[in-house]
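Trainee: The structure under discussion is supplied below as structure tokens; questions concerning it will follow.
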Amino acid sequence: MIHLALLNGYRPAWVDALGDGIRDVLPGPVRDREMRLDFGPAFAPDRGQYHATFLLGALLRTLPAPEDKVLGVTAVDLFVPVLTFVFGQAQLAGSAAVLSTCRLQNEFYGLAPDEGLLLERAIKEAVHELGHAHGLVHCPDYRCVMHASTHVEDVDLKGAAYCGGCGSALERSASDAGA
């Protein structure tokens, strides 16, 4: 099961569509639930951002069952120390991932709001981070959802599904987990 953890009161109107978009690519139940995390230790005042790895650790402590995945969804700006920002981060072949919509919103770039485009981007990045949680690494195919995105334009270019190679790797991972 995938738990969509809506963090600290963030509940976008399109959260049901996000769950549907994830379900379209990753089989199994997706359930949303509201969750409160202490974001204080993750905040870096010098950057005005939140350390994604700290949030991952907090999410891991909320996991209902070891075989489940949890995807934290927030609107705060995330970073890891070696990068200026990240759209999200996941524990590779693990249970937790986090996604930020901060830099997926047109408004961040001084453009008019577009909820449809925001949802499309959020689905892609959610499926991408959950792919990492299932053991997938970045893919060289720019159309694959596992292609690395360093700019929002990269998110717009890629598809919302796994390429053949990544899809096969995901199936092998799922069958290995079930064995």
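The values are calculated or read from the model by the stated rules, or taken from the named source; none is laboratory data. All values derive from a computational prediction rather than experimental measurement. Every residue, glycine among them, receives a Cβ derived from its backbone with ideal geometry; neighbour counts consider all protein chains shown. These accessible areas exclude ligands, DNA and RNA; they are computed on the full protein's heavy atoms, side chains included. Shrake-Rupley method; radii C 1.70, N 1.55, O 1.52, S 1.80 Å.
Trainee: Using just the helices of the chain, give the 222 nm mean residue ellipticity in deg cm²/dmol: DSSP H runs with n ≥ 4 each add -39,500 (n - 2.57), and the total is spread over all residues, rounded to 500.
Mentor: When only DSSP H runs of four or more count, the value is -10500 deg cm²/dmol.
Trainee: Additional query: Quote to one decimal, in nm, the extra length available between R61 and R47 on full extension: 0.36 nm per residue of separation minus the C-alpha distance between them.
Mentor: Computed gain between R61 and R47 is 2.5 nm.
Trainee: Viscosity 1.306 mPa s, temperature 10 °C: what is the translational diffusion coefficient of the chain from Stokes-Einstein with a Kirkwood Rh over Cα pairs, rounded to a whole number of µm²/s?
Mentor: For the chosen part, D equals 98 µm²/s.
Trainee: Could you give the length gained by full extension between R143 and Y109, i.e. 0.36 nm per residue of separation minus their alpha carbon distance, to one decimal place?
Mentor: 9.9 nm
Trainee: Dipole of the chain (Lys/Arg Cβ +1, Asp/Glu Cβ -1, origin at the Cα centre): which of C166, H51, V76 lies farthest to the positive side?
Mentor: With unit charges placed on the Cβ atoms, the residue in question is H51.
Trainee: Going by the alpha-carbon gyration tensor, a ≥ b ≥ c the square roots of its eigenvalues, is the range 41-127 rounded (a/c under 1.5) or, if a/c is not under 1.5, prolate (a/b greater than b/c) versus oblate?
Mentor: It is oblate, given that a/c is not under 1.5 and a/b is not larger than b/c.
Trainee: Something else about it: What is the packing order of peptides 48-60, 102-114, 135-147, taking the mean over residues of other C-beta atoms within 10 Å and listing the highest first?
Mentor: So the order, starting with the most tightly packed, is 48-60, 135-147, 102-114.
Trainee: Sticking with this one: Extension gain V15-S168, at 0.36 nm per residue separation less the Cα-Cα distance, in nm?
Mentor: 52.3 nm
Trainee: With every protein chain in place, what's the accessible area of E34 (1.4 Å probe, Å², nearest 10)?
Mentor: About 120 Å², rounded to the nearest 10.
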